[in-house]
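One structure below.
The values are calculated or read from the model by the stated rules, or taken from the named source; none is laboratory data. Note that the coordinates shown come from a computational prediction; the quantities given were computed from them, not determined experimentally. Here Cβ is always computed from backbone atoms with ideal geometry, including for glycine, and neighbour counts include all displayed protein chains. Surface accessibility is based on the protein's heavy atoms, side chains included, excluding ligands, DNA and RNA. Shrake-Rupley method; radii C 1.70, N 1.55, O 1.52, S 1.80 Å.
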Amino acid sequence: MTGRYQNTIENVAELKGFGLFTNADVTLRFYPTAENHGIVFQRTDLPGSRRIPATIDYLAPEERRTKLVRDEASVEMTEHLMAALAGLQIDNCLIQIDAPELPGCDGSALPYVEALLDAKIVTQTIKRETFVIQQTESLQQKQTTISLAPCDSGLRLSYDLNYGNNSPIEPQVADFSITPETFATKIAPARTFILEQEVNYLRSKGYGQKVTLEDLLVYGDEGPIGNSLRAPNECARHKLLDCLGDLLLCGCDVQGHIRCFRSGHRQNHQLAKEIKRLKNRSSIERAA
Ligand SMILES: [Zn+2]
C-alpha cells in the first residue's frame, strides 16, 4: 500500500470559546490516540454517554452546519475543526468537549490549526487508507454540482461561487492542491460568511446572540460590515474549508480532483457518502 503514514498529536491541546449557534461556553481538548483510532468526539458534560466517531454514519440532518449524533449526545459545527484535522493530516485524535457546540473562534479554522501545531504532529507506524477517484462522476442537487475526476496525485479542490448579480458577494473561484502547507496558509484563515438579513433571521430564532462582527464575516449591501477580507476570494476559500472538513467524514484520504459549484454542507455530505460507497464497492471487488 502506497501513501503516507497516519498521524496523531504529541501533546494535549486546549481551546476555549463559545458556540456561534448555541451561544454556550465550551472548553475543547485534543488528546493523542493510537493508530486506526480515527477522529472521535466525547461530551464530558454528559457522563456515561458513548463516544461519537466522526464518520458519516453519525451524521444528523441540520441546516447550515455539520452535526454528529449518537444516542442523546450530539456535537454541532464540527466542520471547521474537521477541516483543520484533514488539512494537517491528523488522523487519530480524541476530542473532549463540555458543551454541544464546538468553539466558533473567528469563524475560520486558524485557531484550531494553531492549537494542533502547538501540540506537535507525530507520525505513526501504520499507513493511512487512500481512496483514488478513477472515473469522472457528477453529483447534482437543484442548482448545485459537485464533480469528481481523477488526478495524478493528492487532492485538488476547486470551488466556483456565484450567487448572481444581486448578491453583495461577488462571483469568485478558489482552486488549491491540498497539502498541510497550502491548507494552513491559504484555506484555514478563511472565515464563515453570512448575509446581514440572515443574521437577523437567525437571531430572531435565538441563535448567535453572542456573535459580533469579529466572529465571522457579515455582508451588507456594500460588502463586509466592519471587517476587511483576508483574501479577495475568502468566501470561496471558506467553502473549500467546509468541503474538506465534511469530506473527512468518509474516513480516508481522497486522491482526485473535486470541483464544487454553489454547493454547501448538504451536498458535501452527499459527497462523503458517495466516496464511502465507492470505497466499499472497490474493496468488495478486490476481495472477489
Ligand atoms: Zn464553515
Item to check | Residue-wise HN-Hα coupling along the range 181-186, computed from phi with Karplus coefficients 6.51, -1.76, 1.60 (Hz; x: Gly, Pro) | outcome: 6, 5, 4, 4, 9, 9
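Taking the Cα centre of the chain as origin and charging only Cβ (+1 Lys, Arg; -1 Asp, Glu), how large is the dipole, in debye to the nearest 20? Could the numbers behind the result be given before it?
Values: 32 positive and 37 negative charges, 161 e Å.
In debye, rounded to 20, the chain gives about 780.
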Checklist entry - Among the DSSP beta bridges whose two residues both lie in the range 5-127, what percent are antiparallel, rounded to the nearest 5? => result 80
Next on the checklist: Just the number please: accessible area per residue for the range 130-287, 1.4 Å probe, all protein chains included, in Å².
Outcome noted: 51
Checklist outcome for this item: Projecting the Cα atoms of GLN42, ALA109, GLN6 onto the charge dipole of the chain, where Lys and Arg contribute +1 and Asp and Glu -1 at Cβ, the residue farthest towards the positive end is GLN6
Item to check | Among LEU161, ALA287, CYS243 - extreme Cα towards positive end, dipole of the chain, charges at beta-carbon | outcome: ALA287
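Structure shown: which of LYS205/LYS279; LYS205/LYS239; LYS16/LYS127; LYS16/LYS276 lie over 28 Å apart, alpha-carbon to alpha-carbon?
Checking Cα-Cα distances, LYS205/LYS279; LYS16/LYS127; LYS16/LYS276 exceed 28 Å.
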Checklist entry - Exactly which GluC sites (Glu not before Pro) in the range 18-127 are in a DSSP loop and have at most 15 other Cβ atoms within 10 Å? => result GLU63, GLU72
Checklist entry - Nearest 20 debye, what's the magnitude of the dipole of the range 5-127 about its Cα centre given +1 on Lys and Arg Cβ and -1 on Asp and Glu Cβ? => result 240
Checklist entry - In the range 1-62, what trypsin sites (Lys or Arg not before Pro) fall in a loop by DSSP, with at most 16 other Cβ atoms inside 10 Å? => result ARG4, ARG50, ARG51
Checklist outcome for this item: Sorting VAL132, PHE193, ILE146 by the position of each Cα along the dipole of the range 130-287 (Lys, Arg +1; Asp, Glu -1; all at Cβ), the one nearest the positive end of that ordering is VAL132
Checklist entry - Can you give the accessible area of VAL173 in Å² (nearest 10), computed on protein heavy atoms with a 1.4 Å probe? => result 90
Item to check | Two-decimal log10 I(q)/I(0) for the range 5-127, as the Debye equation yields it once each C-alpha is a single scatterer, q = 0.13, 0.22 Å⁻¹ | outcome: -0.46, -1.37
Checklist entry - What GluC sites (Glu not before Pro) does the range 166-259 have in DSSP loop regions with at most 14 other beta carbons within 10 Å? => result GLU214, GLU222
